[in-house]
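Step one of this worksheet: look at the structure below.
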Amino acid sequence: MRQKRRSIIALGAVALGIAALLLADGFIHWIAWDMREKTIHSQLGHLQIVKPGYFETGKADPYRFLFPDDLAAQLSESFTLDDGGLQIKAIVPRLSFSGLLSHGDATISFVGEGVDPGEQSYFSNALQIVSGQHLAADDPNRLIMGAGLARNLGVDAGDTVVLMANTATGGINAVEMTIGGLFTTVTKSYDDSALRLPISTAQQLLRTQGAHSWIVLLNDTNQTDAVLEKVRGLLPQNQFEVVPWYQLADFYNKTTVLFTKQVQAIKLIIAIIILLGISNTMTMNVMERTGEIGTAMALGVKKIDILRQFLCEGALIGSIGGTLGVLIGLLLAGIISAIGIPMPPPPGMARGYIGEILIQPEMVLEALALAVLVTLIASVYPAWKASRMQIVDALRHNR
């Protein structure tokens, strides 16, 4: 308290560093959370129920991995949507295939999915319709396609296209459909090649029945592992394979690894700044209080007590500064999230977004621990130097 200016500067350095860390960490955490939820709700679902080996060899022989049409009844017999608090929101079928898409003289390849037209009510707006309308159960001849695929083919909502695909018997079938709408997701590569149509129309095109996978959507992503274990225990493993979303989200996994490294780099930079600032402050404290230290030691204060005193001062600066930094960070996070951060489309994504800052309790604890730990480390050398002073030299210092 006697060196108010220096103490305020030290506290400010810690507080601003911790606030900056929380804001950066919270922003990156929100990006990862938003990407995770949109990846789940636009493409993967939380769990996918398929036949064993589908993801390894299903592309080579997709018709060997079809489930029968009555699988929904089998699943409902195994577990219900509310069974044991599973928090299952919906279970919907998907039929995957590929083929050629033609409009006029242009022909392009596509990756198609036959879906339940009513699933959009469960999957929210992660798959955004940017032009036209979504699929409708009463219009089986209407499809939706990625905006990138439509741009490559030169079509728009309302145009008519022809889909050609190999059937289950090895022949070729075609169907003429109207583009009902164009969509975008968080993954640009998906939007550049994908289209969706009612599963009944897809089955007619492929001249087959059933579906390749059943998508399980939960109310809470954090329950994925618990529900995964429960569902695996209810379904025969020789007939069903249950795969969680994070084993299929390759782009998301690689992006989160990159973001994690960025946060670690930010933490390292902030820790170095705090370390240098607190070390300088504590060194100046020792130099200015040399006479005081000599007097205390002459009166019988032990070296370990001198060492403990300066370490406690460093920890106090870290605790107070870290607490102030957390409060400032939470306040700024609330203000910034309310306003929003307009962001352009990052590499690999199809659209921009309005960013927010999401601060979790574990992030606050990590920030406080970092503040206290770094200030303690920064105080070690000055405290050790103060405790090693010779009494006579210390008393003579101010003369």
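The values are calculated or read from the model by the stated rules, or taken from the named source; none is laboratory data. Computed from a predicted model, the values in this text were never measured in an experiment. We place every Cβ from the backbone using ideal geometry, glycine too, and count neighbours over all the protein chains shown.
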Failed item, numbered, when GLU313 is tested on (1) over 27 Å from ALA378 (Cβ atoms); (2) not in a loop (DSSP other than H, G, I, E, B):
(1)
Residue count for the stretch 227-265, restricted to those that are more than 19 Å from the chain's Cα centre (by Cα) and either touching a residue at least 24 places away in the same chain (Cβ under 8 Å) or under 30 Å from GLY17 (Cβ atoms) (or both)
12
When only residues in the stretch 1-53 that are charged (D, E, K, R) and outside any helix (DSSP H, G or I) count, which is nearest to ASP250 (Cα to Cα)?
LYS51
Given the structure, is ALA367 in contact (Cβ under 8 Å) with a residue 12 or more places away in the chain, crowded, with 21+ Cβ neighbours inside 10 Å and part of a helix (DSSP H, G or I)?
yes
When you scan the stretch 230-287, how many residues do you find that are surrounded by 19 or more Cβ atoms within 10 Å (Cβ to Cβ) and at pLDDT below 80?
8
For the stretch 1-47, which positions are touching a Leu at 6+ places or on another chain (Cβ under 7 Å) and within 18 Å of ASN219 (Cα to Cα)?
TRP33, SER42, LEU44, GLY45, HIS46, LEU47
Take the residues in the stretch 119-137 that are of a type outside the set (A, V, I, L, M, F, W, C) and modelled with pLDDT under 85, then tell me which one is farthest from ASP159 (Cα to Cα).
TYR122
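Being part of a helix (DSSP H, G or I) and touching a strand residue (DSSP E or B) at 6+ places or on another chain (Cβ under 6 Å) is the filter here, so list the residues in the stretch 157-194 that pass it.
Across the stretch 157-194, the qualifying residue is only ASP191.
Given the options ILE359, ILE335, name the one that is farther than 30 Å from GLN309 by Cβ, crowded, with 20+ Cβ neighbours inside 10 Å and at pLDDT 90 or above. Talk me through it step by step, then tell me what you get.
Numbers: ILE335 fails: crowded, with 20+ Cβ neighbours inside 10 Å.
Just a single option satisfies the conditions, and that option is ILE359.
Test LEU197 against the stated conditions and say whether it is crowded, with 18+ Cβ neighbours inside 10 Å, assigned by TED's automatic domain parsing to the domain that holds ARG151, in contact with a Lys or Arg (Cβ under 6 Å, 6 or more places away or on another chain) and in a strand (DSSP E or B).
no
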All conditions in (1) polar (S, T, N, Q); (2) surrounded by 21 or more Cβ atoms within 10 Å (Cβ to Cβ); (3) more than 29 Å from the chain's Cα centre (by Cα) are true of SER109 except (2)
Write out, first by first residue and then by second, each pair whose Cβ atoms fall under 8 Å of each other, whose residues are 6+ apart or on separate chains, and whose first residue, in the stretch 208-225, is in a helix (DSSP H, G or I) while the second is hydroxyl-bearing (Ser, Thr, Tyr).
THR224/TYR246
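Could you please let me know if VAL162 is aliphatic (A, V, I, L, M), touching a residue at least 12 places away in the same chain (Cβ under 8 Å) and farther than 29 Å from ILE354 by Cα?
For VAL162, the condition - aliphatic (A, V, I, L, M), touching a residue at least 12 places away in the same chain (Cβ under 8 Å) and farther than 29 Å from ILE354 by Cα - is met.
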Among the residues of the stretch 159-171, write down those that are modelled with pLDDT of 90 or more and either on the phi > 0 side of the Ramachandran plot or of a type in the set (A, V, I, L, M, F, W, C) (or both).
VAL161, VAL162, LEU163, MET164, ALA165
